[in-house]
1. Place a +1 charge on the Cβ of each Lys and Arg in the stretch 140-211 and a -1 charge on the Cβ of each Asp and Glu, then give the dipole magnitude about the Cα centre in debye, rounded to the nearest 20.
2. Please sort 142-153, 182-193 by packing, taking for each peptide the average over its residues of neighbouring beta carbons within 10 angstrom, highest first.
3. If each of E173 and I57 carries a label point 7 Å out from its Cα toward its Cβ, how far apart are those two points in nm?
4. Holding the Cα-Cα limit at 23 Å, pick out from K180/K233; K134/K249; K69/K162; K69/K105; K134/K257; K132/K190 the pairs that are longer than that.
5. Show me the ranking of peptides 119-129, 265-275 by mean Cβ neighbours inside 10 Å, starting with the highest.
6. How much length would be gained if the chain were fully extended between A123 and V97, taking 0.36 nm per residue of separation minus their Cα-Cα distance, in nm to one decimal?
7. Give, rounded to the nearest 20 debye, the magnitude of the charge dipole that the stretch 57-172 has about its Cα centre when Lys and Arg contribute +1 at Cβ and Asp and Glu contribute -1 at Cβ.
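No lab work stands behind these numbers, since they all come straight from the coordinates. Since the model is a prediction, treat every value here as computed from it, not as a measurement. Cβ: placed from backbone, ideal geometry, glycine included. Neighbour counts: every protein chain shown.
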Amino acid sequence: MKRKKKSRRERYEEYDDEAYINEVLYKEGYRPPERKKKKRRGVFLGLLTFILGIVIIVFAFLLLFHIQKIEVKGNKYCTENDVIGWLREDKYAVNSVYVWWKYNKADVKQLPVVESSKISFRAPWAIRVTVKEKEISGYIDYNNQYLYFDKDGTAVLSTVEKIDSAAYIEGMEVDASKVKLGKVLPVSDKNVFKRIVEISQLLVKYELSPDRITCSGSDLNLYFGNVEVLLGKTNYEVRLAQVPPILQKLTEQYPDKQGTLHLENYDATDKAVRFVPKEAQEGAESEGQDDGQAAEGQQDITGGEESQDNGQNVTEPQDTENQDSVPETDNPEEPLGTEPAPE
């Protein structure tokens, strides 16, 4: 029986030495499969898959958190468009996560009228901006508009609309060419401005809202309806403390009565405050013109003479030069505010 011839591979498999077999195979022209190239190809595909996954996640993140709605809360003086425009100044402020981080964690420049702001999520694509605005102390006329300033004298808002809670300031000279929102008002007399700022802070403290404040030289005057309050140059803390109770008594006993409340010389040692009705002032002026002594006539009436023409009595103070008094009612036994309010 003829023996079957073995193949070349079968003959080589009889050897136990793998190295010898590989060497013989190599000489015979046999090449093993290239495993390294396959391994590299697998690594490349895995890396490509990872990168594509990252790209998909980033794209989904940008698409999901792309701002589509902005809600503004807490604004009274600035408009919703002002707040949205402030956010849009940053070209990257299209992502809600970025906006939340920047405007809550970083130190950002607020709008002039805004003291602070907070960003919160309503949805991944919707945010809420809650602003806390500054307290406005007063306003002046500026370029056919109203320029409002806060308690520090910083210009915070320029608008044609009036804000009822702010006091109108008359007689303060401001260099209009140097006015900038967010900056302290450039006034010609900075001492007067400091006094206005002080009064504005005290008005907040004593919860007073005058219709306007006027600058008469170095003196400051307040107007509450028909009542003019003369404050003078100094000692505003003590003088303004007397205003609320006196205004209340004037409203109760003399509603709609026009006149002047003299606090320009008042100090803590005084026990009375002088209120001069408008009729008494006009009578003093006419009498002074007739006698050629207008100044003395006014001082005598406001110092304590009785005005029979208008039915208003003015009590005489203990010191005719410095001590003030307040008007009495029709019943002489019920004087009005003869003692100042406790400090």
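1. 340 debye
2. Put in order of decreasing packing, that is 142-153, 182-193.
3. With each label placed 7 Å out from Cα toward Cβ, I get 6.8 nm.
4. Over 23 Å apart, Cα to Cα: K180/K233; K134/K249; K69/K162; K134/K257; K132/K190.
5. Descending mean neighbour count gives 265-275, 119-129.
6. Contour length minus Cα-Cα distance gives 8.3 nm.
7. Dipole of the stretch 57-172, to the nearest 20 debye: 720 debye.
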